[in-house]
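> Structure incoming, see below.
The values are calculated or read from the model by the stated rules, or taken from the named source; none is laboratory data. From a predicted model like this one, the values you see are computed outputs, not experimental measurements. Here Cβ is always computed from backbone atoms with ideal geometry, including for glycine, and neighbour counts include all displayed protein chains.
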Amino acid sequence: MAPPRGEVLQGTLDLIVLQTLEVMGPLHGYGIAQRVQQVSRDLLKLNQGTLYPALLRLEQRGWICSKWGASENNRKAKYYSLTRAGQKQLLRETESWERMTALMARLLGGTEGA
Amino acid sequence: MYRLRILLLRLSNVFRKQHLEQDLNSELQTHLDLVADENIRRGMSPVEARHAARREFGGVEQTKELYRDRRGLTWIDSGREDVRLALRMLFKRPGFTFVAVATLALGIGANTAIFTVVHSVLLEQLPFPEAHRLAIVWSIYGHEGRAPASGPELMTIRERSRLFEDLGGIWAQSCALTGQGEPEQIKLGMVTANFLGILGTHPQLGRWFTPGDEGPGSPFVAIISDGLWRRRYGADPHMAGRAVRLNGQPTTILGVMPPGFKIIFPEGSSVPPEMDAFVPFRSSLASDPPDQSYLRVIGRLRDGASIPLAQQEIEMIAAHLRSKFTAFAEPPLNLQVVPLQGDLVRNIRPALLALFGGAGLVLLIACTNVANLLLSRAHERTREITLRIAVGAGRGRLIRQLLTESVLLFCCGAVAAISFGWGALYLLLAMQPKEMERLSAIRMDAPVFAFTFAIAIGGGLLCGLVPALGAHRIDLARSLKEARQTGHPASRRHRHVLVTAEVALGFILLVGAGLLLETFAKLMQVNPGFVPENVLTFRVSVPWEKFNNTASAVQFLRALKANLAGLPGVEAAGITSHLPFEDTLPNWYSYFWPAGAPKDQQNTIMADYRAILPGFFKSMGVTFLAGRDFDEHDVEQNLHLAIIDDTVAEQSWPGQQAVGKVLNVENGTRDTVRDNVQVIGVVKHLQYHTLTDQVRGQIYLLYPLAMRTHMAFTLKSNLGARQLLPLIRREVSSLDKDLPIYHLEFMTEYVESARRQARFVTLLAGLMAGIALLLASTGIYAVTRYSVVQRTSELGIRTALGAQAAQLFGLVVRQSMLPVALGVAIGVVLSLLLTPLLSTLLFGVRPADAPTYVAGALLLSASALIASFLPARRTMRVDPLVALRYE
């Protein structure tokens, strides 16, 4: 098996996908992957294949829903969009992520200061 | 929270698989196309663009597999897939499948057959309601064995016990049924009125006894069996109220027992399972003499009362009995409560458990063989497995696949095993020992099938694990690069461990079977103290009602004996109250002591006593050690004489001449004087109960001193039963046309019945050892053959470098015999630990019998040697050129 190009924590990937859909509106898998790479400026190397099981998981939890539609090049593509439950989840995750980063910043900053 | 939703979603996805699969494919294809479009726009060629898209994406198949895992319920989905694939694998290799299934059919089938018996005999409830509450109460005097109870004992226990709901007693008798039709001797159960209520059965016709039918002055009533009702009375629906004659006494039939009713008492309790009729006791049991012990006592415990509690209570009752009756004080009476079920199977249990253990070993050997086959096959499939990992199969999924194959194989084995077990069961039942006959039908039912498949699935998982673990360690890069595996040292080690294990297991079985075989051989050699060949026996009843005084009964028996002895072809005729190994009739035994023994030595030793008339010893070929036989003069003069066996002689007058001494024999159930009988002869001990144990000594009295209502004749003659029977009938009816003769049997058949259990166990153990030997040999053959094939190129190089064919042959045989030698060594240690468990089944041979061990080791090594010779011969034919090109 080929080694993964960049480890993305599962919880993080969920948050990234939800945030992307919130900002960009309905997108297909490739679109999400492109956007992630674009925003992260290639700092975060997403293995595109791992995106699809993650999308399925989010859909099973009812946070996103999918619909077939036509892409820009007129190809048949599956579009994902955020549901109401997904929006709530995004809020929750954002909050907890912020708490976490604040904590980490304090912790690391404190260590540095000492 | 989402769990249920997700589970339902996934479950529904299982059934929409095809649709979802298309969805997934087109979604991923779109992704790849979009990436490729982008790449083309950046100036790549279309082919280049598609390759780049795939690279960027990562493993497409791996993603699909991950996606599928999450989408449906993987285990249902892939389970279905696994089974399909496994079936294809099994069909693709019919040879492999056949060998594996046949091996398993033997291994599992042996277990199925034995388990069927174990389940029916040891585990299943007796056919009585709440049978676990039924218990037998035995009387034990001092250090003697179990004895029946007397009337006062039973009545006292019944009166004082709080834990027993009710207790009753039975005494098996035999009586003449006359009236309509041929006179017939039937088995009669004299019972307390509550007896049937305790068992919980009800008559199919009429009614059971009530307390008013019991005791002195009660009417003559009886209940007959279904068998007798159908056979003799044509299933008359108005049977209740009809009158018949029992021992000449007009008796009213109250009811008919249900069909298939059996009184299931343990062997040796002298209660035959099938009684023809029951009558209530007409004497007052409470006022019986306390030393007349004849009642077999059965009780029903109250709900929730346990055997240990009942035992505590009964010990207090025994203490009360000892203080109340002097007869119970010395030797002290003790009472023992045993569960009916447990007691029934007491004798057969060790044999069945040993056989069950043996079947378990056979199964282990079969599993080892199959594990080995699977291992070889997994090895051949290394490339296939490697490829499948490379294209995205998860390792977990692969292991599951291998396990599925193995479990499926075992399940096929189980199906074959059930048919094989069915046949084996027929064999078992054809030669079942009599301890098993007493119990209800032995049959294959749901628990047996469940057991068979449980061991199949368990074994399948266990055996599948061996190659599955190997698959776990596959090094992708290396396996793909290597064109062909050459005998991987690790897997060779695995196989050698398997060979060692199966040799060790096989050795245990061989030794066990050898010890049992030795036992059986010893049993065949046992001298029972008489010559059973050409002795025809039968019984004639001498009912008191007909022969109302001693003289007329003696006269009748003597006349019949004289007439029979005078028949042409009859060498000798004798009469006895008891025949050896005839255990359906009550045994007679009581205390004895030399005349003049001090009071405290009087009630210490018991002996069986028998009533005989002159001619018994001669017809049975019994050896006289001293003194003389009875003669007709002794009978005519009604002399108080006895003949004793060497055991009683040694117990009474150790080191002295017994002839001429005087013996006192405690009185039994009849008021005949047996004090001061003079010993006129000493005979060799006769085996009456088992072939192996000397239960008690024997005292032979003349018939008038110990009368019985039915006596057995022994005719020494070289004529067959067919020639003798009409002559016997003619002689009997010429003296009394109403007397039936019954129990016609050759003495050899009685002796044979005593050997039945040993024959049964030995044959089965031998069969299992044979299977074990066969399986172990095929296992060794397979391993050696496989390693020779694997090492063809290595052997070729060795040949090319100048090794002699004989040297290579030696090398291969040596290497395959090494694990065999190790297995034998481990087997010896294990056998030394395990065979003592067999000791109750052994006779005349110690569990650590050296010759048996040596024979087992030799037999196993010889088979192993042959099994490795055959494939090793291939090395002789290895052509170095062919071998080197073998890659």
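> With the structure loaded, tell me whether B:R207 is more than 24 Å from B:L154 (Cβ to Cβ) and charged (D, E, K, R) or whether it fails that test. So that I can check it myself, show each step before the final result.
Working: more than 24 Å from B:L154 (Cβ to Cβ): no; charged (D, E, K, R): yes.
Criteria not met by B:R207.
> Please give the number of the condition B:E48 fails out of (1) surrounded by fewer than 17 Cβ atoms within 10 Å (Cβ to Cβ); (2) at the interface with another protein chain (Cβ under 8 Å from one of its Cβ atoms); (3) more than 60 Å from the chain's Cα centre (by Cα); (4) not polar (S, T, N, Q).
Unmet for B:E48, out of (1) surrounded by fewer than 17 Cβ atoms within 10 Å (Cβ to Cβ); (2) at the interface with another protein chain (Cβ under 8 Å from one of its Cβ atoms); (3) more than 60 Å from the chain's Cα centre (by Cα); (4) not polar (S, T, N, Q): (2).
> In this structure, does B:L9 turn out to be within 17 Å of A:A77 (Cβ to Cβ), surrounded by 16 or more Cβ atoms within 10 Å (Cβ to Cβ) and at the interface with chain A (Cβ under 10 Å from one of its Cβ atoms)?
Numbers: within 17 Å of A:A77 (Cβ to Cβ): no; surrounded by 16 or more Cβ atoms within 10 Å (Cβ to Cβ): yes; at the interface with chain A (Cβ under 10 Å from one of its Cβ atoms): yes.
No: the conditions fail for B:L9.
> Hey, can you tell me all the residues within segment B:281-307 that are within 24 Å of B:T584 (Cα to Cα) and in a helix (DSSP H, G or I)?
Of everything in segment B:281-307, just one residue is within 24 Å of B:T584 (Cα to Cα) and in a helix (DSSP H, G or I), namely B:L285.
> Given the criteria away from chain A (no Cβ under 14 Å), on the phi < 0 side of the Ramachandran plot and in contact with a Pro (Cβ under 7 Å, 6 or more places away or on another chain), does B:S150 qualify?
Yes.
> Does B:N39 fit the bill of being more than 30 Å from B:L375 (Cβ to Cβ), away from every other protein chain (no Cβ under 11 Å) and surrounded by 19 or more Cβ atoms within 10 Å (Cβ to Cβ)?
Considered against the rule, which asks whether it is more than 30 Å from B:L375 (Cβ to Cβ), away from every other protein chain (no Cβ under 11 Å) and surrounded by 19 or more Cβ atoms within 10 Å (Cβ to Cβ), B:N39 comes out as yes.
> Same structure, new question: Could you check segment B:606-622 and list, in sequence order, the residues that are part of a loop (DSSP other than H, G, I, E, B) and surrounded by 24 or more Cβ atoms within 10 Å (Cβ to Cβ)?
B:G615
> Please find, among B:K92, B:K64, the residue that is of a type in the set (K, R), more than 14 Å from chain A (Cβ to nearest Cβ) and farther than 30 Å from B:E165 by Cα.
B:K92
> Of everything in segment B:737-758, what is touching a strand residue (DSSP E or B) at 6+ places or on another chain (Cβ under 9 Å) and farther than 20 Å from B:G529 by Cα? Give them in sequence order.
If the condition is that a residue be touching a strand residue (DSSP E or B) at 6+ places or on another chain (Cβ under 9 Å) and farther than 20 Å from B:G529 by Cα, then B:D738, B:L739, B:P740, B:I741, B:Y742, B:H743, B:L744 are the ones that fit.
> Are any of the residues in segment A:91-112 within 12 Å of chain B (Cβ to nearest Cβ) and modelled with pLDDT of 85 or more?
no
> For segment A:66-87, which positions are away from every other protein chain (no Cβ under 11 Å), surrounded by 12 or more Cβ atoms within 10 Å (Cβ to Cβ) and in a helix (DSSP H, G or I)?
Correct list: A:G86, A:Q87.
> Test B:R610 against the criterion of being in contact with a Ser or Thr (Cβ under 6 Å, 6 or more places away or on another chain), within 20 Å of B:A649 (Cβ to Cβ) and among the basic types (K, R), and give yes or no.
Criteria met by B:R610.
> Give segment B:173-192 a look and list any residue that's modelled with pLDDT of 90 or more and in a loop (DSSP other than H, G, I, E, B), or say none.
Answer for segment B:173-192, where residues must be modelled with pLDDT of 90 or more and in a loop (DSSP other than H, G, I, E, B): just B:T192.
> So, one more: So, in segment B:629-655, of the ones that are touching a Pro at 6+ places or on another chain (Cβ under 7 Å), in a loop (DSSP other than H, G, I, E, B) and of a type outside the set (D, E), which residue ends up surrounded by the fewest Cβ atoms within 10 Å (Cβ to Cβ)?
Checking each candidate, the answer is B:N638.
> Still on this structure: Output the number of residues of segment B:584-634 satisfying the condition of being among the β-branched types (V, I, T) and in contact with a helix residue (DSSP H, G or I) (Cβ under 7 Å, 6 or more places away or on another chain).
Number satisfying all stated conditions: 2.
> I would also like to ask the following. Any residue at all in segment B:795-815 that's surrounded by 14 or more Cβ atoms within 10 Å (Cβ to Cβ) and either closer than 30 Å to B:V761 by Cα or of a type in the set (D, E) (or both)?
no
> Being of a type in the set (G, A, S) and under 30 Å from B:L355 (Cβ atoms) narrows it down to one of B:A113, B:A53, so name that one.
B:A113
> If you don't mind, there's one more thing I want to ask. In segment B:788-829, how many are within 14 Å of B:L870 (Cα to Cα) and in contact with a Pro (Cβ under 9 Å, 6 or more places away or on another chain)?
Looking only at that region, the number is 4.
> For B:E380, indicate whether it is more than 39 Å from the chain's Cα centre (by Cα), over 30 Å from B:L763 (Cβ atoms) and of a type in the set (D, E). Spell out how you get there, then give the answer.
Details: more than 39 Å from the chain's Cα centre (by Cα): yes; over 30 Å from B:L763 (Cβ atoms): yes; of a type in the set (D, E): yes.
It is true that B:E380 is more than 39 Å from the chain's Cα centre (by Cα), over 30 Å from B:L763 (Cβ atoms) and of a type in the set (D, E).
> Can you pull out every residue in segment B:579-605 that is part of a loop (DSSP other than H, G, I, E, B) and either over 36 Å from the mean Cα position of the chain (by Cα) or of a type in the set (S, T, N, Q) (or both)?
B:T584, B:N587, B:A595, B:G596, B:A597, B:P598, B:Q602, B:N603, B:T604 - these are the residues of segment B:579-605 that are part of a loop (DSSP other than H, G, I, E, B) and either over 36 Å from the mean Cα position of the chain (by Cα) or of a type in the set (S, T, N, Q) (or both).
> Listed residues B:R696, B:R756; which is within 31 Å of the chain's Cα centre (by Cα) and crowded, with 19+ Cβ neighbours inside 10 Å?
B:R696
> Still on this structure: Based on what the data block shows, is B:R388 within 14 Å of chain A (Cβ to nearest Cβ) and basic (K, R)?
Details: within 14 Å of chain A (Cβ to nearest Cβ): yes; basic (K, R): yes.
Spelling it out, B:R388 is indeed within 14 Å of chain A (Cβ to nearest Cβ) and basic (K, R).
> Condition check: of a type in the set (K, R) and touching a Lys or Arg at 6+ places or on another chain (Cβ under 9 Å). Does B:R383 satisfy that?
Yes: the conditions hold for B:R383.
> Would you tally the residues in segment B:302-361 being exposed (fewer than 15 other Cβ atoms within 10 Å of the Cβ), under 30 Å from the mean Cα position of the chain (by Cα) and charged (D, E, K, R)?
Going through segment B:302-361 one residue at a time, the tally reaches 1.
> Has segment B:18-27 got any residue that is away from every other protein chain (no Cβ under 14 Å), assigned to a helix (DSSP H, G or I), surrounded by fewer than 16 Cβ atoms within 10 Å (Cβ to Cβ) and not aromatic (F, W, Y)?
yes
> For the structure I just gave you, tell me whether B:A806 is assigned to a helix (DSSP H, G or I) and within 30 Å of B:G358 (Cα to Cα).
no
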